[in-house]
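What follows is a single structure, written as structure tokens, with notes after it.
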Amino acid sequence: KVAIKGIERELICPACKELFTHPLILPCQHNVCHKCVKEILFAFEDSFADGGSESSNQSSPRIRISSSSMDRIDRISRSGMKRNSLTPRSTLFPCPGCQRDIDLGERGINGLFRNFTLETIVERYRQAARAAIAIMCDFCKPPPQESTKSCMDCSASYCNECFKIHHPWGTVKAQHEYVGPTTNFRPKILMCPEHEMERVNMYCEICRRPVCHLCKLGGAHANHRVTTMSTAYKTLKEKLSKDIEYLISKESQVKAHITQLDLLLKETECNSERAKQEASQSFEKLYNVLEEKKSAALRAIETSKNIRLEKLQTQVEEYQGLLENNGLVGYAQEVLKETDPSCFVQTAKQLHVRIQKATESLKSFRPAAETTFEDFVVDIAKQEDILGDLSFHSNGLEIPEINEEQSRMYNKAVISWEWPGKTDSADIYVLEYHKLNREEESVAWQKTEVYGKSKVLSDLDDDSSYAFRVRGYKGSICSPWSREVILRTPPAPVFSFLFDDKCGYNNEHLHLNPRRTSVESRAGFPLLLGSERLQVGCYTTLDYIIGDTGIAKGKHFWAFRVEAYSYLVKVGVVPSSKIQKLFHNTHDVTSPRYEQDSGHDSGSEDAFFDSSQPCTLVTLGMKKFFIPATPAAPKDPASRILPLPSCLGICLDCDRGRVGFYDAGRMKCVYECEVDCSGIMYPAFALMGGAAVHLEEAVTAKYREYHDDI
């Protein structure tokens, strides 16, 4: 027999922190009360409907949703669901035990098994805890008598008299199974929650749950590996018995570990107190330095103040002497009363010099001292940044690195980072970024906390460069800042469109994916058959495709990727007035006599080529970007051939009549030209031979989570 008192921890629901009541087995094999599962689902529906406000969490005082779970409400709650019945509509929620997202499927709570074994153990624990409390008869008239037995078929408790009345001899009820007084009634046969009329007789080894034969024949477990219930019972019981025997045999080792852990607890207490003292001493040193600096600064200000006041006071006294019958003027008036010429001249000469100085000072009045103390302003901006970064540094926490290849700047910014080591040792990350501006002297970093290893930012300005850095935190310990990475946003707002599968689309030569975000040219039999009819040269028509949305005004940017194996691709824009000409242009051909890298680029061919184009396009292919041969372009053909960027972008400015072609990875313009924007402009693409173009995917709030799952 196992002592009941030592297993309390195993009988506590992780949601309500109380003894289990009708526990359900979740797909992750953790147990949660039936009522708690419903309350969690209701709480998540309410939180989603209220936008995740704190007030919505008060719907159930027994359940508290963690902040990390609240951050995932928009991902695991279904939009448009409202609580309008006693059964929650949501079927996704985080397990209170392991925080994994649990999907209950279409049947919801009804698809979960009750853990009758755990329920029986909890009941035994309750009975041991309340041995003095009797279970009363459910059928006695008040006052009820103490029950003596419980019927498992009737799910009720009886005293001797009531049991005889309700289970008379010679009836079917007399054959019912009865046990000692209990409040835990469990069914004799475990039925399948998916097929309520079928008993479970097999065990799914993949899902680790009992199933019935219908589940195996055509249900969710049709392709899963199953075994008979008796085999699963025997196997699991043997494994559990062996594991229990092993643990019991290692009792001395367990006790030794407990003793060691007790010592570690005490050592942790002592070390934490020592660390607190050292941290306090470090801050005391900073306080002392600041106090000394503060005293010195205040003394300097006080000394300067006294000197200035003294000078100004002297100047005041001098000007007061210029008043009539006062000071210098009064003295001069008395000298004027002297009648002896020799005595007058002797005194008046020196007095006249002083009077002249006073007169000049009146003409150009200037205070003897400045009243402002601008020279005594303490600049603490750098010190504030340093103190803001003040934290515990540890050599054990590695420096994260921003992954520039996985980071993207498009309609939103996706910043991704990784650890040099294989394991992720940080609990949380802090991502900081700021806009690069030469006019601003001080840098104001914007900060955001991230629980994963990527962040989507949507508050960045177009056509701007930003610096990013990240650091990791594990408790109070943080890593140093990563190397700053500078990324540039698109030159204009991102324009979203799909490939048009109707206007001029040639489905014999081109293939669109179902989402219409990728187009591929098929260099197969149609191309060979078309070439067979040609006897002179090797002219082949391009296959064009345009975007399904046009641009009438403003400045817009879109990006795409061209597969490296592509032989020939043209990209650019076309006005609505020339779309028909684009798809029926007989001169729109490519010849070996006019390849951009063939050297045959005479002026007459250029004139013919430029005049034949109904739209503004540039040529890509064979991992190269070809700058069109224009008067402003370099004369040397080799200098007009650039490596093909991994991602290209086009920026159309209808107001200025300009179109630019960009290396979208660095947001750097590689070629720009004028374009007639008198009509509605459409993105245009042309492919020949084996080639493929993929439109760049817009960044969403869950962009990295989706790609990480893939």
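The values are calculated or read from the model by the stated rules, or taken from the named source; none is laboratory data. Treat the numbers as computed from the prediction; the structure is a model and nothing was measured. A quick note on method: Cβ atoms are made from the backbone with ideal geometry, for glycine too, and the neighbour counts reach across all protein chains shown. Side chains included, ligands, DNA and RNA excluded: accessible areas come from the protein's heavy atoms. Shrake-Rupley method; radii C 1.70, N 1.55, O 1.52, S 1.80 Å.
Data overview
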| read-out | value |
| --- | --- |
| Boolean, LYS285 is assigned to a helix (DSSP H, G or I), open to solvent by 100 Å² or more (accessible area, probe 1.4 Å) and more than 30 Å from THR371 (Cα to Cα) | yes |
| Test: residue in the stretch 294-301 that is assigned to a helix (DSSP H, G or I), within 30 Å of PHE373 (Cα to Cα) and charged (D, E, K, R) | yes |
| Flag for GLN406 being modelled with pLDDT of 80 or more, open to solvent by 70 Å² or more (accessible area, probe 1.4 Å) and in a helix (DSSP H, G or I) | no |
| Residue match in the stretch 192-204 (condition: of a type in the set (Ser, Thr, Tyr) and modelled with pLDDT of 85 or more) | yes |
| Selection count, the stretch 628-665, where residues are open to solvent by 50 Å² or more (accessible area, probe 1.4 Å), modelled with pLDDT under 90 and basic (Lys, Arg) | 1 |
| Qualifying positions in the stretch 245-263 - basic (Lys, Arg) and either touching a residue at least 24 places away in the same chain (Cβ under 8 Å) or assigned to a helix (DSSP H, G or I) (or both) | LYS255 |
| Cross-chain or 6+ apart pairs with Cβ under 7 Å, the stretch 605-634 first and part of a helix (DSSP H, G or I), then at pLDDT below 85 | GLU605/TYR594; ASP606/ALA629; PHE609/TYR594 |
| In the stretch 666-687, the residues that are within 19 Å of GLN580 (Cα to Cα) and open to solvent by less than 30 Å² (accessible area, probe 1.4 Å) | VAL675, CYS677, GLY679, MET681, PRO683, ALA684, PHE685, ALA686, LEU687 |
| Single condition GLU302 does not satisfy, out of (1) at pLDDT 90 or above; (2) surrounded by 12 or more Cβ atoms within 10 Å (Cβ to Cβ) | (2) |
| Condition met for SER521 (touching a Leu at 6+ places or on another chain (Cβ under 7 Å), open to solvent by less than 60 Å² (accessible area, probe 1.4 Å) and at pLDDT 85 or above) | yes |
| Odd one out for CYS207 among (1) farther than 28 Å from ILE12 by Cα; (2) of a type outside the set (S, T, N, Q); (3) part of a loop (DSSP other than H, G, I, E, B) | (1) |
| Subset of the stretch 453-480 (residues that are outside any strand (DSSP E or B), among the small types (Gly, Ala, Ser) and either in contact with a Pro (Cβ under 7 Å, 6 or more places away or on another chain) or at pLDDT below 85 (or both)) | GLY475, SER476, SER479 |
| Pairs, first within 13 Å of TYR319 (Cα to Cα) in the stretch 337-365, second at pLDDT 75 or above and in a helix (DSSP H, G or I), C-beta under 7 Å, six or more apart | ILE355/ALA332 |
| Residue match in the stretch 233-256 (condition: surrounded by 11 or more Cβ atoms within 10 Å (Cβ to Cβ), within 28 Å of ARG107 (Cα to Cα), of a type in the set (Gly, Ala, Ser) and at pLDDT 85 or above) | no |
| Residue within the stretch 170-188 that is touching a Pro at 6+ places or on another chain (Cβ under 7 Å), under 22 Å from GLN29 (Cα atoms), in contact (Cβ under 8 Å) with a residue 40 or more places away in the chain and not assigned by the TED database to the domain that holds ILE25 present | no |
| Count of residues meeting criterion [part of a helix (DSSP H, G or I), among the polar types (S, T, N, Q) and surrounded by 14 or more Cβ atoms within 10 Å (Cβ to Cβ)] in the stretch 152-184 | 0 |
| Odd one out for LYS149 among (1) surrounded by fewer than 14 Cβ atoms within 10 Å (Cβ to Cβ); (2) farther than 30 Å from LYS216 by Cβ; (3) not β-branched (Val, Ile, Thr) | (1) |
| Verdict on ARG299 being within 60 Å of the chain's Cα centre (by Cα) and touching a residue at least 60 places away in the same chain (Cβ under 8 Å) | no |
| Complete set of residues in the stretch 503-524 that are touching a residue at least 12 places away in the same chain (Cβ under 8 Å) and assigned to a loop (DSSP other than H, G, I, E, B) | CYS503, GLY504, TYR505, ASN506, GLU508, HIS509, ARG515, ARG516, THR517, ARG522, ALA523 |
| Filtered residue count, the stretch 669-710, keeping only those that are charged (D, E, K, R), modelled with pLDDT of 85 or more and within 32 Å of the chain's Cα centre (by Cα) | 2 |
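Condition check ((1) modelled with pLDDT of 75 or more; (2) part of a loop (DSSP other than H, G, I, E, B); (3) open to solvent by less than 70 Å² (accessible area, probe 1.4 Å)) across all residues:
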{"site": "THR339", "(1), (2), (3)": "yes, yes, no"}
{"site": "THR347", "(1), (2), (3)": "yes, no, yes"}
{"site": "ARG354", "(1), (2), (3)": "yes, no, no"}
{"site": "THR359", "(1), (2), (3)": "yes, no, yes"}
{"site": "PHE365", "(1), (2), (3)": "yes, yes, no"}
{"site": "ALA369", "(1), (2), (3)": "yes, yes, yes"}
{"site": "ASP375", "(1), (2), (3)": "yes, no, no"}
{"site": "GLU384", "(1), (2), (3)": "yes, no, no"}
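Results for (1) exposed (fewer than 12 other Cβ atoms within 10 Å of the Cβ); (2) at pLDDT 75 or above; (3) farther than 24 Å from ARG208 by Cβ; (4) touching a Pro at 6+ places or on another chain (Cβ under 9 Å), shown as yes or no for each residue.
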site	(1), (2), (3), (4)
LYS5	yes, no, yes, no
GLU18	no, yes, yes, no
HIS22	no, yes, no, no
VAL32	no, yes, no, yes
LEU41	no, yes, no, yes
PHE44	no, no, yes, yes
SER56	no, no, yes, no
SER59	no, no, yes, no
ASP71	yes, no, yes, no
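Conditions tested, residue by residue: (1) modelled with pLDDT under 70; (2) of a type outside the set (Val, Ile, Thr); (3) assigned by the TED database to the domain that holds PHE685; (4) open to solvent by less than 40 Å² (accessible area, probe 1.4 Å).
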residue	(1), (2), (3), (4)
ASP548	no, yes, yes, no
ILE551	no, no, yes, yes
PHE560	no, yes, yes, yes
GLU563	no, yes, yes, no
LYS570	no, yes, yes, yes
GLU595	yes, yes, no, no
